[in-house]
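The values are calculated or read from the model by the stated rules, or taken from the named source; none is laboratory data. What you are looking at is a predicted structure, and each value in this text was computed from that prediction instead of being measured. Cβ sites come from the backbone with ideal geometry, for glycine too, and all protein chains shown count toward neighbours. When the accessible area is computed, the model is the full protein with side chains, heavy atoms only, and any ligands, DNA or RNA have been set aside. Shrake-Rupley method; radii C 1.70, N 1.55, O 1.52, S 1.80 Å.
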Amino acid sequence: MADGDGSVKSLDLLPSAVLATIMTKLDLPSICSLASTCRIFHSCASQILNFLPTFHLLEISPTVEFLRPLLPPNPFLISLKVDCGQLDDSAIQLLLKPSLHELCLHNCADFSGKLLSEIGGCCKDLRSLYLSSVAEKRGRAIHIEDLEELLSGCTQLEALTLMFDVSFFLRQNFARVWAMASEKLSSLEIGCIYSVTVTELLSQNLGAGNSMNRIVPSMWPNIEKLCLSVDYITDAMVGAISKGLISLTHLELQDAPIIEPRFSFDLTNVGLQQINQLSKLRHLSLVRSQEFLVTYFRRVNDLGILLMADGCADLESICLGGFCRVTDTGFRTILHTFSNLNKLRVFHGIQLTHLVFHDISATSLSLKHVSLRWCSLLTNDAVKNLSLNKDLSYLDLRDCRSLRDEALRAIGTIPKLKTLLLDGSDISDAGLSHLRPLIMSSLVSLSVRGCKKLTDKSITVLFDGLSKIELHVLDLSNLPYLSDAAILQLTRSKFAISELRLRQCPLIGDVSVMALASMQVNEDQRHGSSLRLLDLYNCGGLTQLSFKWLKNPYFPRMRWLGVTGSLHRDLVDALARSRPFLHVACHGEELGADHWDSSDSFYMHHYDEVDEFEQWLFDGEDDDDDDDIADDENDAELLL
């Protein structure tokens, strides 16, 4: 610090309590970054880790050795969120604290069921628990006793999410154990469970002589939100949920059949009629996934939707996936009956056409979120009418292949639009001009993946002349005519895009990587500082040169990188080893963590040190390598 006469004062003069108070207002990544700047901040950070109330570390998969100094004994820690991709049972004692109220552990594949039992024994005051992929690695197992100790020990639980397979538990034991669950439980999500198990579980208090229409309180009297992924959505399960959960306001059911369902193991019009018998439901989602088999709800038609609508007039959001026999009549009923509807999602609506929306002006026009994916009969006229909803902020029209430039003209009139997904549509460069100037300056996320007509000119049309935009997520994947010239134009704009997807673009090559690595959003920021995700999977022009620009110090904030693993495999492996906090995907998997916490720069390496990757990459080359790198950087600056 400097005073008025220009002299410099040391940070030692600041009271440590003042520094600690300031640092506790920051998130964990910011604290870690600050700690790496000087001795004073490092000492202060070490102290506040003993009383920090939240610890969220989801963008990287830390090891036990990395976590240990960051998780000292801390009686004030109430919220812990960690990606456990590199952890196992040996980390349990380090992660679990008696003071925790919220615990979120992702990617627990290398943990056994001991994790569940230890949580029940240690975290008695837990209010919210999220566990995913527990014991999915070969040789790991979960026993019913582990689940029993979890549910009997965590008596204060209000929200429980188990995103792993629980279908292997015996049904009779499963019901007995769930009877021990906290009466305060209001939200329950389970990743994989048999529908028969759910039906029996929620029918425990129904005697054989009870009337089918009698409503009996279940073992979970306070459940308000229920999200299940099952083998089959059936009438029996829907009926048990409707009768058994008397406080339910949010219901999400998804199935993924491996064979075509029989009548007794399917959803019919009768099952839809049973939904929301107590008129409390506000959010409903029924989706048949086609993950294993192309199949639909073939026993539900417009009549079923009409019967459901009579009891669901107060719904605020609805998601229907795979209802192949529902026509415009059924979908129009939803729009005109649900006066408070603000979120509409339809997947695989193969009979949905523009006629659903032709008289939408007669509705409340309250829609804010619309997703109509894989609705192949949808045309420009439908989008024109949808655009009358001026509060629309999210519009997903992916794989609606009949949409053309006229649809973009209508979309360009929606003033509050933040997310626009147009994958696979038949739009052109000229059509994109309709997004300016009204919505292009306010869009946060834009995807034109697979829009085959788009060329380099699309980037000029979208961004040229704009001084400021809010765009953070841009998907330009699978565009056969997109080349390095477009990426050069994008980098010249200097917009702070954080996620850029360019997968399967055959003309994208080394020049694009070099330009992105050299890009500076502001003069005081590091090279490529805004990119957190870069997907270059199966880009045709990438060579060994690109990997020079993926090493430190370029892309310092990047956490996800997609490349083709079959090419330059040694380079990919060396890059992954040298940047342990970078998730490198090389098998074509989709990247990103939309529901994870966002954080800024993490534990930057000391870039003046030559890392393992640099040593390997330049092994055997001349002493002129430094000059070559400098020349490369100069070339990049000329390109920009």
Subset tally (residues that are part of a loop (DSSP other than H, G, I, E, B) and closer than 18 Å to Ile497 by Cα) for the stretch 550-566
7
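Residue by residue, here is whether (1) assigned to a helix (DSSP H, G or I); (2) farther than 22 Å from Ser187 by Cβ holds:
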| position | (1), (2) |
| --- | --- |
| Leu267 | no, yes |
| Leu286 | no, no |
| Val300 | no, yes |
| Ala313 | no, yes |
| Leu320 | no, yes |
| Thr329 | yes, yes |
If you check every pair at least six apart or on different chains, which have Cβ atoms under 7 Å apart with a residue in the stretch 305-334 that is within 9 Å of Gly349 (Cα to Cα) and without any contact (Cβ under 8 Å) to a residue 60 or more places away in the chain first and a residue that is among the β-branched types (Val, Ile, Thr) and open to solvent by 40 Å² or more (accessible area, probe 1.4 Å) second?
Cys324/Ile350
Within the stretch 263-286, how many residues are more than 19 Å from Ser317 (Cα to Cα) and at pLDDT below 95?
3
If you go through the stretch 57-87 one residue at a time, how many are over 18 Å from Leu582 (Cα atoms) and assigned to a loop (DSSP other than H, G, I, E, B)?
8
Being without any contact (Cβ under 8 Å) to a residue 60 or more places away in the chain, surrounded by 19 or more Cβ atoms within 10 Å (Cβ to Cβ), closer than 19 Å to Leu281 by Cα and under 29 Å from the mean Cα position of the chain (by Cα), is that true of even one residue in the stretch 344-359?
yes
Do we have any residue at all in the stretch 59-68 that's aliphatic (A, V, I, L, M), surrounded by 18 or more Cβ atoms within 10 Å (Cβ to Cβ) and more than 28 Å from Leu531 (Cα to Cα)?
no
Please state which of the following conditions Ala236 fails to meet, knowing it meets all the rest: (1) modelled with pLDDT under 95; (2) part of a helix (DSSP H, G or I); (3) open to solvent by 10 Å² or more (accessible area, probe 1.4 Å).
(1)
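Residue-by-condition table, conditions (1) modelled with pLDDT under 95; (2) in contact with a His (Cβ under 8 Å, 6 or more places away or on another chain); (3) of a type in the set (A, V, I, L, M); (4) open to solvent by 10 Å² or more (accessible area, probe 1.4 Å):
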{"position": "Asn478", "(1), (2), (3), (4)": "no, no, no, yes"}
{"position": "Asp484", "(1), (2), (3), (4)": "no, no, no, yes"}
{"position": "Leu507", "(1), (2), (3), (4)": "no, no, yes, yes"}
{"position": "Val521", "(1), (2), (3), (4)": "yes, no, yes, yes"}
{"position": "Asp535", "(1), (2), (3), (4)": "no, no, no, no"}
{"position": "Gly541", "(1), (2), (3), (4)": "yes, no, no, yes"}
{"position": "Arg557", "(1), (2), (3), (4)": "yes, no, no, yes"}
{"position": "Val572", "(1), (2), (3), (4)": "yes, no, yes, no"}
Residue selected from the stretch 266-309 under the condition open to solvent by 50 Å² or more (accessible area, probe 1.4 Å), of a type in the set (D, E, K, R) and closer than 18 Å to Ser195 by Cα, by the criterion farthest from the chain's Cα centre (by Cα)
Arg299
Go over the candidates Leu267, Leu281, Leu293 one by one and state the one that is more than 13 Å from Gly239 (Cα to Cα), touching a helix residue (DSSP H, G or I) at 6+ places or on another chain (Cβ under 9 Å) and of a type in the set (A, V, I, L, M).
Leu281
Answer yes if at least one residue in the stretch 351-371 is within 28 Å of Ser289 (Cα to Cα) and in contact with a His (Cβ under 7 Å, 6 or more places away or on another chain), and no otherwise.
no
Restricting the stretch 41-56 to residues that are in a helix (DSSP H, G or I) and of a type in the set (S, T, N, Q), which is surrounded by the most Cβ atoms within 10 Å (Cβ to Cβ)?
Gln47
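For the condition within 27 Å of the chain's Cα centre (by Cα) and under 18 Å from Glu189 (Cα atoms), what is the one hit in Cys104, Cys84?
Cys104 is the lone residue from the list that is within 27 Å of the chain's Cα centre (by Cα) and under 18 Å from Glu189 (Cα atoms).
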Looking at Cys312, is it open to solvent by less than 10 Å² (accessible area, probe 1.4 Å) and at pLDDT below 95?
yes
Is there a residue in the stretch 341-350 that is modelled with pLDDT of 95 or more, of a type in the set (A, V, I, L, M) and assigned to a helix (DSSP H, G or I)?
no
In the stretch 546-587, what residues are polar (S, T, N, Q) and within 18 Å of Ser530 (Cβ to Cβ)?
Asn552
